[in-house]
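Contents: one structure, followed by commentary.
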Amino acid sequence: MGERLPLLGKRILVTRAKEQAKDFSDKIKQYGGTPLEVPLISFKLSSNQDEIKEKISKLDTYDWLIFTSKNGVDFFFHALTNHPSKLPKIAVVGTKTNDALIQKGYQADLLPSDFIGEGLTETLKPLMRNGDRFLLARGNLSRSHIPNELRKFGGIVDDLVIYDNDENVSEKDRLQEFLSQQQIDVITFTSPSTVRNFVKLVDGLPWREWLRRIDIVCIGPVTKEALQQFEIDVHVCPSEYTTDSMLTELISYYKK
């Protein structure tokens with residue numbers, strides 16, 4: 001039974017947004033674990049509608065369109081009322097982002113093997129020409145690494161905030177109850193914003209004491225850095241930055 005259900009008995013907190021949690025929770029169940037969905041973030045279309053419409057109306061003036069997340073793809077195409085037959089060359093970060101793009105009927109021209117912004121810029125640099133124009137569709141909390149690096153190499157970057165990542169304060173009581181009653185064995189963090197919002201929602205409580213009994217799993221180095229900034233120990237961080245790899249590495253961690 002343990003081999004087939006390696007996470008049996010493990011109560012695993014899923015902190016990602018509600019609309020993203022189901023697939024992750026289903027995989028946890030497949031391995032015998034119990035997912036506890038407490039979405040610490042929520043997403044909505046950015047309020048800067050005039051800027052979004054203006055940039056989208058000039059799509060044919062860009063050489064590259066960049067997406068760093070599934071959310072960026074979803075909100076961009078939601079705002080794109082008329083789907084053109086041809087878009088600029090498209091660069092994406094991560095297989096999930098590429099999957100979302102394929103669902104919209106388009107294929108990425110560039111998908112780096114390293115699923116973070118640094119991987120994208122390093123792969124793009126040799127392909128760039130001085131003066132290339134980029135439209136980066138991103139969330140309000142995304143890092144500035146990509147636009148900064150592309151500008152260093154002569155790129156002209158329009159940095160378009162297409163969606164907002166908000167703190168989900170409505171989950172505060174549930175989160176605190178799970179923690180204080182020791183009902184969690186594992187916490188999964190899939191972005192720096194889930195980390196920051198977690199710390200905000202448990203502020204003033206003995207959360208560091210609670211975490212001593214809990215294994216911390218993060219999706220990749222950027223999220224790990226956010227955890228380390230709060231001096232939170234990380235027990236599992238996969239080399240491939242996907243939720244599937246998070247669970248695979250967690251299972252390996254428990255087998256040691």
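Selection within the stretch 194-213: residues that are touching an Asp or Glu at 6+ places or on another chain (Cβ under 8 Å) and surrounded by 21 or more Cβ atoms within 10 Å (Cβ to Cβ). The member of this set that is farthest from residue 15 (Cα to Cα) is 201. Set side by side, the residues 166, 185 differ, and just one is over 30 Å from residue 6 (Cβ atoms) and of a type in the set (D, E, K, R), which is 166.
Of all the criteria given as (1) over 27 Å from residue 75 (Cβ atoms); (2) not assigned by TED's automatic domain parsing to the domain that holds residue 71, the one not satisfied by residue 225 is (1). Determine, yes or no, whether residue 94 is within 25 Å of residue 45 (Cβ to Cβ), among the small types (Gly, Ala, Ser) and touching a strand residue (DSSP E or B) at 6+ places or on another chain (Cβ under 8 Å). No: the conditions fail for residue 94. Would you confirm, using the coordinates I've provided, whether residue 25 is closer than 30 Å to residue 250 by Cα, at pLDDT 95 or above, among the small types (Gly, Ala, Ser) and not in a loop (DSSP other than H, G, I, E, B)? Considered against the rule, which asks whether it is closer than 30 Å to residue 250 by Cα, at pLDDT 95 or above, among the small types (Gly, Ala, Ser) and not in a loop (DSSP other than H, G, I, E, B), residue 25 comes out as yes.
Got at least one residue in the stretch 5-12 being within 24 Å of residue 98 (Cβ to Cβ) and out of contact with any helix residue (DSSP H, G or I) (no Cβ under 6 Å at 6 or more places or on another chain)? Within the stretch 5-12, not a single residue is within 24 Å of residue 98 (Cβ to Cβ) and out of contact with any helix residue (DSSP H, G or I) (no Cβ under 6 Å at 6 or more places or on another chain).
Checking each residue in the stretch 216-240 for being touching a Pro at 6+ places or on another chain (Cβ under 8 Å) and closer than 21 Å to residue 33 by Cβ picks out 219, 220, 223, 237.
Restricting attention to the stretch 137-163, which residues are at pLDDT below 95 and in contact with a Lys or Arg (Cβ under 6 Å, 6 or more places away or on another chain)? Of everything in the stretch 137-163, just one residue is at pLDDT below 95 and in contact with a Lys or Arg (Cβ under 6 Å, 6 or more places away or on another chain), namely 153.
Screening 68, 34 for residues that are closer than 30 Å to residue 184 by Cβ, not assigned by TED's automatic domain parsing to the domain that holds residue 109 and not aromatic (Phe, Trp, Tyr) leaves exactly one candidate, 34. Can you find a residue in the stretch 185-204 that is out of contact with any Phe, Trp or Tyr (no Cβ under 6 Å at 6 or more places or on another chain), more than 21 Å from residue 35 (Cα to Cα) and part of a loop (DSSP other than H, G, I, E, B)? Yes, because at least one residue in the stretch 185-204 is out of contact with any Phe, Trp or Tyr (no Cβ under 6 Å at 6 or more places or on another chain), more than 21 Å from residue 35 (Cα to Cα) and part of a loop (DSSP other than H, G, I, E, B).
Within the stretch 58-89, how many residues turn out to be among the hydrophobic types (A, V, I, L, M, F, W, C) and part of a strand (DSSP E or B)? Working first, answer last.
Here is the first cut: in the stretch 58-89, the residues among the hydrophobic types (A, V, I, L, M, F, W, C) are 59, 64-67, 73, 75-77, 79-80, 87.
So of that shortlist, the ones also part of a strand (DSSP E or B) come out as 64-67.
Going through the stretch 58-89 one residue at a time, the tally reaches 4.
Look at (1) of a type in the set (Asp, Glu); (2) at pLDDT below 90; (3) in a helix (DSSP H, G or I) and you find that residue 114 fails only one, number (3). Are any of the residues in the stretch 161-176 in a helix (DSSP H, G or I), closer than 22 Å to residue 41 by Cα and polar (S, T, N, Q)? Yes; the residues of the stretch 161-176 include at least one that is in a helix (DSSP H, G or I), closer than 22 Å to residue 41 by Cα and polar (S, T, N, Q). For the stretch 29-44, residues that are surrounded by 15 or more Cβ atoms within 10 Å (Cβ to Cβ), assigned to a strand (DSSP E or B) and touching a residue at least 40 places away in the same chain (Cβ under 8 Å) total 4. Total residues in the stretch 132-160 satisfying the condition of being within 19 Å of the chain's Cα centre (by Cα) and either assigned to a strand (DSSP E or B) or of a type outside the set (D, E, K, R) (or both): the figure is 13. Residue 52 fulfils the conditions (1) more than 26 Å from residue 113 (Cβ to Cβ); (2) touching a strand residue (DSSP E or B) at 6+ places or on another chain (Cβ under 6 Å) except for a single criterion, (2).
The set of residues from the stretch 228-249 being part of a helix (DSSP H, G or I) and either outside the structural domain of residue 193 (by TED's automatic domain parsing) or within 24 Å of residue 98 (Cβ to Cβ) (or both) comprises 243, 244, 245, 246, 247, 248, 249.
The values are calculated or read from the model by the stated rules, or taken from the named source; none is laboratory data. Remember, predicted model here, so these are calculated numbers, not experimental data. No Cβ is skipped: glycine too gets one built from the backbone with ideal geometry, and neighbour counts run over all protein chains shown.
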